[in-house]
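Asks: Quick one: the structure is below, and I'll ask about it shortly.
The values are calculated or read from the model by the stated rules, or taken from the named source; none is laboratory data. As the structure is a computational prediction, the values presented were derived from the model and not from experiment. As a convention, Cβ positions derive from the backbone with ideal geometry for all residues, glycine included, and neighbour counts pool all protein chains shown.
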Amino acid sequence: MTMVTTMIKLSACIEMLFREVEFLQRIVETKRLGLDAYEFWSWANKDLDALEAQQRATGLKLAALAAAARSNTLFSDRNRQNLVDPANRADFVQGIAESVEVATRLGCPTIIVTVGNELPNRSREEQRQSIIDGLIAAAPLAERGGVTLVVEPLNTLVDHKGYFLWSSREGFEIVRAVGSPHVKLLYDIYHQQIMEGNLIATIEANIDLIGHFHMADVPGRHEPGTGEINYLNVLRRIAATGYQGYVGLELRPTKPTHEALRDFVQAVAAL
């Protein structure tokens, strides 16, 4: 791992931030906060023409979006059993193909992938292999589109009971097994503090396999400074690895977003 300090680039997840205004205005508010990038979840329920126009008007970059599809519910919150089940593979790959098209249109380098809830009637080994095989099938689409798929472990203790992939260690093993530079891990600092802790050592040891970060404090998933994580120190150590990607602010502010995050954004800029 090469240690070359870089600047931390923050991205605003506008699904959770600036909820006091309508969706497109949140891109404008992101710029007002002093950030140059935003991200969101599913693109299937968005007005892509309006998003593209607002992005062009503000000059912001789209850091990440979540995989989705136009014609099925595989990627919806109500049907999270996707990559763990090989029966869903064709739909998953089709969704990735459509997501790559949208990401290319919006200049987005990163597509977030969740794996689904654990199936009770199959072994973890079978489900893990299904995840690997699905990502191997989708990797060429990401490679041709010049984007990176980032697989996200989620916590199962607070927010996502039953979700298959909760461990970053297993996530890194899956990424290694896929063996594509266009498939990496989304390391969500909030989720991993709940499930594993040992944040800095894990990040530094695996930074080459991390394609995106999310952050929120623990407990509560609120802004930095409300909980137990020393975020300025964590971000300082991420910068020291030479990481070039974004860190997404995916959190629930305890007060209006500008008030909740203004000081923190300024502190990060001064790192």
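Asks: Which ones in the stretch 94-124 are over 30 Å from Leu60 (Cβ atoms), of a type outside the set (D, E, K, R) and either in contact (Cβ under 8 Å) with a residue 60 or more places away in the chain or surrounded by 16 or more Cβ atoms within 10 Å (Cβ to Cβ) (or both)? First the steps, then the outcome.
Replies: Residues of the stretch 94-124 over 30 Å from Leu60 (Cβ atoms): 116-124.
Retained after the next criterion (residues that are of a type outside the set (D, E, K, R)): 116-117, 119-121, 123.
Gly116, Asn117, Leu119, listed by residue number.
Asks: So Met1 passes all but one of these: (1) within 30 Å of Thr241 (Cα to Cα); (2) in contact with a helix residue (DSSP H, G or I) (Cβ under 7 Å, 6 or more places away or on another chain); (3) at pLDDT 95 or above. Which condition number does it fail?
Replies: It is condition (3) that Met1 fails.
Asks: Could you check the stretch 166-213 and list, in sequence order, the residues that are among the basic types (Lys, Arg) and touching a Leu at 6+ places or on another chain (Cβ under 6 Å)?
Replies: Start the filter on the stretch 166-213 by keeping residues that are among the basic types (Lys, Arg), which leaves 169, 176, 184.
Result: Lys184, single match.
Asks: So, of the residues in the stretch 140-151 that are free of Cβ contacts under 8 Å to residues at least 60 places away in the same chain and touching a helix residue (DSSP H, G or I) at 6+ places or on another chain (Cβ under 9 Å), which turns out to be surrounded by the most Cβ atoms within 10 Å (Cβ to Cβ)? Give the derivation first.
Replies: Residues of the stretch 140-151 free of Cβ contacts under 8 Å to residues at least 60 places away in the same chain: 140-147, 151.
Those left that are additionally touching a helix residue (DSSP H, G or I) at 6+ places or on another chain (Cβ under 9 Å): 141-142, 144-147, 151.
On the way: Leu141: 20, Ala142: 24, Arg144: 12, Gly145: 20, Gly146: 11, Val147: 22, Val151: 22.
Checking each candidate, the answer is Ala142.
Asks: Filter the stretch 157-175 down to the residues that are buried (at least 18 other Cβ atoms within 10 Å of the Cβ) and in a helix (DSSP H, G or I) and list them by number.
Replies: Ser168, Gly171, Phe172, Ile174, Val175
Asks: Please count how many residues of the stretch 235-267 are in contact (Cβ under 8 Å) with a residue 40 or more places away in the chain, out of contact with any strand residue (DSSP E or B) (no Cβ under 8 Å at 6 or more places or on another chain) and of a type in the set (A, V, I, L, M, F, W, C).
Replies: Residues that pass the stated criteria total 3.
Asks: Further, regarding this structure: Can you give me the number of residues within the stretch 223-239 that are surrounded by 22 or more Cβ atoms within 10 Å (Cβ to Cβ) and outside any helix (DSSP H, G or I)?
Replies: Of the residues in that region, 2 qualify.
Asks: Residues of the stretch 223-238 being farther than 16 Å from Asn206 by Cβ and within 18 Å of the chain's Cα centre (by Cα), which ones?
Replies: Glu223, Pro224, Tyr231, Leu235
Asks: Right, here's the next one. Filter the stretch 4-42 down to the residues that are crowded, with 22+ Cβ neighbours inside 10 Å, over 15 Å from the mean Cα position of the chain (by Cα) and either modelled with pLDDT under 95 or not hydrophobic (A, V, I, L, M, F, W, C) (or both) and list them by number.
Replies: Once the filter is applied, which keeps residues that are crowded, with 22+ Cβ neighbours inside 10 Å, over 15 Å from the mean Cα position of the chain (by Cα) and either modelled with pLDDT under 95 or not hydrophobic (A, V, I, L, M, F, W, C) (or both), the stretch 4-42 yields Arg26, Thr30.
Asks: Which residue, of Gly242, Gly248, is on the phi > 0 side of the Ramachandran plot and either crowded, with 18+ Cβ neighbours inside 10 Å or not hydroxyl-bearing (Ser, Thr, Tyr) (or both)?
Replies: On the way: Gly248 fails: on the phi > 0 side of the Ramachandran plot.
Criteria check complete, one pass: Gly242.
Asks: Condition first: buried (at least 20 other Cβ atoms within 10 Å of the Cβ), assigned to a loop (DSSP other than H, G, I, E, B), over 15 Å from the mean Cα position of the chain (by Cα) and in contact (Cβ under 8 Å) with a residue 24 or more places away in the chain. Can you find one or more residues in the stretch 176-195 that meet it?
Replies: Within the stretch 176-195, none of the residues are buried (at least 20 other Cβ atoms within 10 Å of the Cβ), assigned to a loop (DSSP other than H, G, I, E, B), over 15 Å from the mean Cα position of the chain (by Cα) and in contact (Cβ under 8 Å) with a residue 24 or more places away in the chain.
Asks: Within the group Phe18, Phe40, which residue is more than 16 Å from Phe213 (Cα to Cα) and of a type in the set (Phe, Trp, Tyr)? Write out each step before concluding.
Replies: Numbers: Phe40 fails: more than 16 Å from Phe213 (Cα to Cα).
Answer to the selection: Phe18.
Asks: Determine which single condition Leu154 fails, assuming it passes every other condition in (1) under 23 Å from Glu125 (Cβ atoms); (2) more than 14 Å from the chain's Cα centre (by Cα); (3) assigned to a loop (DSSP other than H, G, I, E, B).
Replies: Just one mismatch for Leu154, condition (2).
Asks: Another one. So for the stretch 201-216 (the condition being surrounded by fewer than 18 Cβ atoms within 10 Å (Cβ to Cβ), in a loop (DSSP other than H, G, I, E, B), free of Cβ contacts under 8 Å to residues at least 60 places away in the same chain and over 18 Å from the mean Cα position of the chain (by Cα)), does at least one residue qualify?
Replies: no
Asks: For a quick check of your reading: which helices (runs of 4 or more DSSP H) sit entirely within the stretch 5-121 and have at least 3 residues that are in contact with a helix residue (DSSP H, G or I) (Cβ under 7 Å, 6 or more places away or on another chain), over 17 Å from Leu251 (Cα atoms) and among the β-branched types (Val, Ile, Thr)? Show your work before the answer.
Replies: On the way: elements: 23-33, 48-58, 89-106.
Where helices (runs of 4 or more DSSP H) fall fully within the stretch 5-121 and carry at least 3 residues being in contact with a helix residue (DSSP H, G or I) (Cβ under 7 Å, 6 or more places away or on another chain), over 17 Å from Leu251 (Cα atoms) and among the β-branched types (Val, Ile, Thr), they are 89-106.
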